[in-house]
Structures are given as structure tokens and as C-alpha cells.
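For reference, the structure discussed in these notes is given below.
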Amino acid sequence: MKTIMVTGGAGFIGSNFARMMLEKYPEYHVLVYDKLTYAGNPENVRDLNDNPRFLFIAGDIADADKVESTIQEFGVDAIVNFAAETHVDRSIMDPGSFIQTNVFGVYTLLEATRKLGVERMLHVSTDEVYGAVHEGSSTEEDRLEPRSPYSASKASGDLLCRAYHVTHGTHVMVTRGSNTYGPRQYPEKLLPLFITNALEDKHLPVYGDGKYVRDWMYVLDHCAGIDLVLHNGQAGEIYNVGGGNERENMTVIYAILDLLDKPRTLIHYVKDRPGHDLRYSVDTTKLEKLGWSPRWSLEDGLRETVDWYKHNREWWEKIKSGEFAEYYAKMYGQREVLAKHS
Ligand code: NAD
Ligand code: TYD
């Protein structure tokens with residue numbers, strides 16, 4: 001493997017992954033292919049532009065001609081697909097783009113991989129495809145019971161990967177990661193939204209009672225898991241990736257406020273997300289057997305992340321004053337405040 005096409009590499013996890021590949025493998029070329037939607041940001045890979053082994057191409061994964069000509073022109077050996085519409089709340093408001101990218105786009109990449117004989121493809125998926133987990137942890141064999149338009153579209157992409165492997169012998173692997181956080185995450189997700197709101201002394205809109213549980217994983221742990229599967233995973237297999245840090249939302253929110261030395265009175269409990277999944281939890285035994293384990297504690301990861309947002313105000317202030325402001329007004333403006341934290 002010499003040339004890796006990182007689709008969605010101008011987003012949060014993909015940009016961290018592209019950087020990690022260039023640093024770790026001095027012989028690799030990394031080609032970021034990204035549509036630059038609202039979540040894609042050229043700033044995320046700006047520091048890589050001087051590297052002669054890095055290239056950025058603007059393109060849509062659902063555009064078969066562009067995907068195929070890019071693969072041919074640059075002799076792509078492997079595709080790692082991060083490109084997706086990723087925010088559950090947006091999928092409730094406007095699901096069309098989720099189906100287009102997360103289903104049709106994945107099909108387009110699989111078809112190009114098959115037709116052009118790309119050596120391997122890794123599709124980055126999510127633990128949300130298992131649906132809400134009331135007890136225990138999801139293994140890779142568990143039923144897919146997605147409950148939001150986002151998770152249903154991701155599950156559809158996973159099933160297409162399986163079908164291409166079974167039917168055509170396509171060398172494709174799937175990873176299912178848990179809630180990821182760290183530098184360069186678009187400030188619509190819980191952690192970056194609440195860190196940046198707190199830095200601006202704005203309210204933190206907690207859905208429902210805040211007792212929902214997520215497994216939090218630092219982005220470099222997630223990228224390391226994907227790297228291992230890309231190199232050592234087996235074709236047709238699925239691998240869960242998780243941080244081993246299950247916490248109720250309120251625990252993480254209090255930790256952020258404490259790190260920033262901000263008062264709990266910033267917390268507003270607001271009307272819940274429809275169909276809100278109570279808990280996610282993944283069993284990561286299969287990936288651990290390949291030699292992976294998470295290195296970052298939640299405490300260290302949160303400190304690092306909070307520091308990054310503190311020192312990179314320009315990055316997120318620019319985002320929050322653009323398209324985001326409109327989104328925020330639409331998503332949160334009508335949301336009834338149920339209680340205020342004292
Ligand atoms: P993100 O929203 O930060 O970035 C997504 C990127 O994909 C953006 O750069 C965007 O421009 C690009 N993109 C969107 N549609 C595209 C298209 N049609 N063609 C080409 N590029 C397109 O997302 P993220 O948080 O970095 O997530 C990356 C992947 O990891 C996604 O597949 C997501 O489902 C998965 N994942 C994310 C998390 C998480 O907590 N963030 C957890 C598990 C899995
Ligand atoms: P999010 O970051 O959207 O990730 P996901 O829903 O894909 O797990 O949300 C994480 C948790 O935080 C989830 O339980 C919903 C909750 N949440 C809030 O309470 N308020 C918010 O404004 C957001 C964005 C999320």
C-alpha cells in the first residue's frame with residue numbers, strides 16, 4: 001500500500017487520521033477527497049499542504065466519475081471512508097443528504113473499489129447502528145437496530161459493504177466507533193458545542209435529564225484503531241472501536257465546566273431529542289485481539305480538548321458566526337427550556 005485516499009478527510013476524525021498516516025508511514029501518500037460540506041474545513045488540513053506526500057481534492061463520494069478518475073489518476077491503493085453526514089439532530093430535521101452520502105455515496109465507493117481493483121477499502125461506521133443498548137455491550141454479531149435517520153443510513157452503508165464482500169469478494173472492512181472527541185470537531189456535537197458555549201458564557205442546552213450514557217473515545221485512539229484494522233484486519237470483517245469511558249452526559253458536562261472554571265448555572269435542561277438513544281456501549285474484544293487498546297483516559301482527553309478550543313478561538317469563532325448561527329437558531333431557538341440548573 002502506498003497511496004491512501006481518505007474520503008471525508010477535511011472533517012474531524014478524517015483530518016486527524018490523515019495527519020497520523022503521514023507521520024507514521026513516511027512512504028505513504030495521502031490524498032484527502034472531500035466535498036467540503038458545512039462540516040468540511042480546509043483549515044483542518046492546512047498544516048499538511050506543505051507536505052509533498054499530501055494532496056487535497058474537492059469532490060463528492062457520490063460522484064462516480066470523479067471518484068473513479070481520481071483513483072485512476074493517482075493510483076489509489078486503499079480507500080478509508082470517513083465521508084458522511086454525521087449529526088443525529090440534523091438527520092431528524094433534514095434526512096435527504098444522509099441517504100445520499102451515507103448510502104449512495106458508500107455504494108459509489110464500493111463499486112469503484114470493485115471495478116478498478118483497489119487493494120482494500122475501510123468503511124468508518126458507528127456504534128449507533130446497534131441502537132439503544134439497555135444492558136451489556138454490543139458485539140459485532142449483534143442485530144442492527146438503528147433508531148435515527150443518521151444511524152439507519154450508516155447501517156445501510158455497513159450492509160452494502162457486507163454485500164459487496166459476499167457477492168464480489170471485495171476487500172472491505174468496517175469499523176464501528178463510539179462517541180469521539182478531540183481537536184477540530186465541528187461545534188454541533190455535545191463536547192465542542194458545550195466547551196465553546198461555556199467559553200462564550202452561553203447556556204448549555206442539555207436534552208432531557210442528561211442521564212443518557214455514551215462511551216467517549218479520544219480521537220487519536222479512534223484513528224489508531226482504524227489504522228490497525230486497515231493494515232491487519234480481515235476482509236469482510238467488522239471491528240468495534242471504543243474508548244472504555246461510559247459516562248452519563250451530566251458527568252462529562254460538569255467536568256467541562258470545572259476545567260473551564262465556569263458555573264453550573266450555565267446549564268439549561270431543554271426539550272429532549274425525539275427518539276433519543278438511552279445508551280451506547282461496545283464490546284471491543286475483537287479489536288483488542290488484533291493488538292489495540294485505548295491509551296487516553298477521559299480526564300486527559302478532556303483536558304487536551306478543552307485546551308485546544310481555548311487556544312484556537314479563531315477556528316471555532318469563524319465557524320460559529322457562519323452557517324452555524326442559522327442552524328443554532330433553528331435547532332435551539334424553539335426548544336423549550338424545562339429547568340435551569342441552580
Ligand atoms: P465530520 O462531520 O466532522 O466530517 C465529515 C466530513 O465528510 C466533512 O469533511 C464533509 O465535508 C465530508 N463529506 C460529507 N459528505 C461528503 C460527500 N458526499 N463526499 C465527500 N465528502 C463528504 O465527521 P466526523 O465526526 O469526522 O466523522 C467521520 C466518520 O466517522 C463518519 O463516517 C461518522 O459516521 C463516523 N463516526 C463518527 C463518530 C463521532 O463521534 N464523531 C463516532 C463514530 C463514527
Ligand atoms: P451528540 O454529540 O449529538 O452525539 P450522539 O447523539 O451521536 O451520541 O450527543 C451526545 C449526547 O449529548 C446525546 O445523549 C445527546 C446529548 N446532547 C445534549 O444534551 N445537548 C446537545 O445540545 C447536544 C448536541 C447533545
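Quick look at the values:
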read-out	value
Of residues in the range 64-87 being surrounded by 22 or more Cβ atoms within 10 Å (Cβ to Cβ) and part of a helix (DSSP H, G or I), the one farthest from ligand 2 (Cβ to nearest atom)	I71
Some residue of the range 45-58 being charged (D, E, K, R), outside any helix (DSSP H, G or I) and within 15 Å of ligand 1 (Cβ to nearest atom)	no
Sole exception among (1) open to solvent by less than 10 Å² (accessible area, probe 1.4 Å); (2) out of contact with any Ser or Thr (no Cβ under 6 Å at 6 or more places or on another chain); (3) among the hydrophobic types (A, V, I, L, M, F, W, C) for F104, by number	(1)
Residue under evaluation T180, criteria (1) within 12 Å of ligand 1 (Cβ to nearest atom); (2) of a type outside the set (A, V, I, L, M, F, W, C); (3) open to solvent by 10 Å² or more (accessible area, probe 1.4 Å); (4) closer than 30 Å to K115 by Cα, criterion not met	(4)
Those residues of the range 183-218 which are under 18 Å from W315 (Cα atoms) and touching a strand residue (DSSP E or B) at 6+ places or on another chain (Cβ under 9 Å), in sequence order	K189, L190, L191, P192, L193, F194, N197, A198
First in the range 166-181 and over 19 Å from L290 (Cβ atoms), second anywhere and of a type in the set (D, E, K, R) and open to solvent by 10 Å² or more (accessible area, probe 1.4 Å), Cβ under 7 Å, 6 or more apart	H168/R114; T170/R114; N179/R214
Verdict on K115 being more than 16 Å from ligand 2 (Cβ to nearest atom), among the basic types (K, R) and in a helix (DSSP H, G or I)	yes
Of the criteria (1) in contact with a His (Cβ under 9 Å, 6 or more places away or on another chain); (2) part of a strand (DSSP E or B); (3) open to solvent by less than 10 Å² (accessible area, probe 1.4 Å), which one N197 fails	(2)
Members of the range 191-210 that are closer than 21 Å to E128 by Cβ and out of contact with any helix residue (DSSP H, G or I) (no Cβ under 7 Å at 6 or more places or on another chain)	L193, Y207, G208, D209
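Residues are listed down the side, and each one gets a yes or a no for (1) within 19 Å of V133 (Cβ to Cβ); (2) within 16 Å of ligand 2 (Cβ to nearest atom); (3) surrounded by 12 or more Cβ atoms within 10 Å (Cβ to Cβ); (4) without any contact (Cβ under 8 Å) to a residue 24 or more places away in the chain:
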site: D283; (1), (2), (3), (4): yes, no, yes, no
site: L287; (1), (2), (3), (4): yes, no, yes, no
site: L290; (1), (2), (3), (4): no, no, yes, no
site: S297; (1), (2), (3), (4): no, no, yes, no
site: T305; (1), (2), (3), (4): no, yes, yes, no
site: W308; (1), (2), (3), (4): no, no, yes, no
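The values are calculated or read from the model by the stated rules, or taken from the named source; none is laboratory data. This is a predicted model, so every value here is computed, not measured. With ideal geometry, Cβ positions are generated from the backbone for all residues, glycine too; neighbour counts draw on all protein chains shown. These area figures cover heavy atoms from the full protein model, side chains too; ligands, DNA and RNA do not enter into them. Shrake-Rupley method; radii C 1.70, N 1.55, O 1.52, S 1.80 Å.
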